[in-house]
Amino acid sequence: MCHDPATDVPPRLDPALLRDALRATGAVVVRGVLGASWCARLRDSIERCRTAPSVHYGVLSPPGAPRVDSDLFRWTDDADLHALTHASPLVGLACDLLDVSDVVLIEDQWFASAAGAATPSPWHQDQPYYRLDRPFLTIWVTLDDVGEEGSLRVVPGSHLGPEYAPVPFIASEGADGTGTLPPPPAVDEGPGTSIRSWDLRAGDAVALDSRVLHATGPAALQSAFRRISTRWAAPDTRYVDRGPNTAAFWELIEHGRRDGDLLACDAFPLIPSTRSTT
Ligand SMILES: O=C(O)CCC(=O)C(=O)O
């Protein structure tokens, strides 16, 4: 059940407190960011996207296992994902968290796990997949209720630690080993690493500093678990050529960015604020 069935008006929270929490731990939960109608629209969007997958679409689960799949940059052709990324409470929240008036949309990316799926997203940081010269923000929103055993997990404070190599999300693929960064630590295997997770309701968000280590829970899911990440950058963010060991989409979309260019352009639009808090 969604948090706020009557309205999609976002909660009024103190942006400075949210920013402080994000700065200190690298992740902050914001409950009830999207109401019931948004959650329903976005679950329908995922179904629509599946009928016409983009070049970015991928199945993340091993063959024969309950399906986990994902697609990205669907704001470009799905009306509801366009609305989400251009005129929803997420825009104001992104502006509040980055403390800016306008924000650059990097991408939308949905993930959908079927009931019974037990293919977690691996421990990773977002930053090393992106050719960006500074940290950015991911706002991850669940579209289904999810218990903490299957939900998003983070290592608080890890955004202030070392940077690790990007890892593939497809279970059968190993790291390609072409980069210079070390692989992420085996967080689940070693004792002593503090992991934070939450019981979440549909419409709840977790905002992530792009450098924080995160994953999803390993437990087999009782029911479908759909969620969407939107990624946002401050307007002065610049493209930096980090070479081929970054997300595949950089080579698949026409962005025309060269080393040192401002990120904002048609492919990564500057979205005016819809800030509801001051
Ligand atoms: O929900 C997931 O499975 C992973 C989300 C994630 O890691 C991300 O969007 O950066």
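May I ask you to list the residues in the range 191-213 that are assigned to a loop (DSSP other than H, G, I, E, B), among the hydrophobic types (A, V, I, L, M, F, W, C) and more than 12 Å from the ligand (Cβ to nearest atom)?
Matches in the range 191-213: Ile195, Trp198.
Step by step: first the residues of the range 214-224, then only those that are surrounded by fewer than 24 Cβ atoms within 10 Å (Cβ to Cβ) and more than 20 Å from Pro128 (Cα to Cα), then the one that is nearest to the ligand (Cβ to nearest atom). Which residue is that?
Residue satisfying both the conditions and the ranking: Gly217.
Would you kindly identify the strands (runs of 3 or more DSSP E) lying entirely within the range 71-160 that contain at least 1 residues that are more than 20 Å from Gly58 (Cβ to Cβ) and among the small types (Gly, Ala, Ser)?
none
Out of the range 124-172, which residues are over 23 Å from Asp99 (Cβ atoms), near the ligand (Cβ under 9 Å from one of its atoms) and among the hydrophobic types (A, V, I, L, M, F, W, C)?
Leu152, Phe169
Identify all residues within the range 237-264 that are in a loop (DSSP other than H, G, I, E, B), modelled with pLDDT under 95 and not β-branched (Val, Ile, Thr); write none if there are none.
Asp241, Arg242, Gly243, Pro244, Asn245, Ala247, Ala248
This table checks each residue for (1) under 20 Å from Asn245 (Cβ atoms); (2) out of contact with any Ser or Thr (no Cβ under 6 Å at 6 or more places or on another chain).
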position	(1), (2)
Phe111	no, no
Pro120	no, no
Arg131	yes, no
Thr142	no, yes
Gly179	yes, yes
Gly190	no, yes
Thr193	no, yes
Arg196	no, yes
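Could we say that Ser229 is of a type in the set (Gly, Ala, Ser), within 21 Å of Ser70 (Cβ to Cβ) and away from the ligand (no atom under 11 Å from the Cβ) here?
When the stated conditions are applied, Ser229 does not pass them.
Kindly indicate which of Ser113, Ser197, Ser151 is touching a strand residue (DSSP E or B) at 6+ places or on another chain (Cβ under 8 Å) and within 22 Å of Pro53 (Cβ to Cβ).
On inspection, the qualifying residue turns out to be Ser113.
Of the residues Arg43, Arg48, only one is basic (Lys, Arg), within 16 Å of the ligand (Cβ to nearest atom) and at pLDDT 95 or above; which?
The unique qualifying residue is Arg43.
Being polar (S, T, N, Q) and in contact with a Phe, Trp or Tyr (Cβ under 8 Å, 6 or more places away or on another chain) narrows it down to one of Ser158, Ser151, so name that one.
Answer to the selection: Ser151.
So in the range 265-278, with the set limited to residues that are modelled with pLDDT under 95 and of a type in the set (Gly, Ala, Ser), which one is nearest to the chain's Cα centre (by Cα)?
Ser273
Of all residues in the range 74-88, which are in contact with a Phe, Trp or Tyr (Cβ under 8 Å, 6 or more places away or on another chain) and surrounded by 19 or more Cβ atoms within 10 Å (Cβ to Cβ)?
Arg74, Leu81, Leu84, Thr85, Ser88
So the check is Cβ under 6 Å with 6+ separation or different chains; which pairs have a first residue in the range 126-142 that's touching a residue at least 40 places away in the same chain (Cβ under 8 Å) and more than 14 Å from Arg238 (Cβ to Cβ) and a second one that's away from the ligand (no atom under 11 Å from the Cβ) and of a type in the set (Phe, Trp, Tyr)?
What qualifies is Leu137/Trp232.
The values are calculated or read from the model by the stated rules, or taken from the named source; none is laboratory data. Please read all numbers here as calculations on a predicted model, not as lab measurements. Glycine gets a Cβ as well: all are built from the backbone with ideal geometry, and neighbour counts include every protein chain shown.
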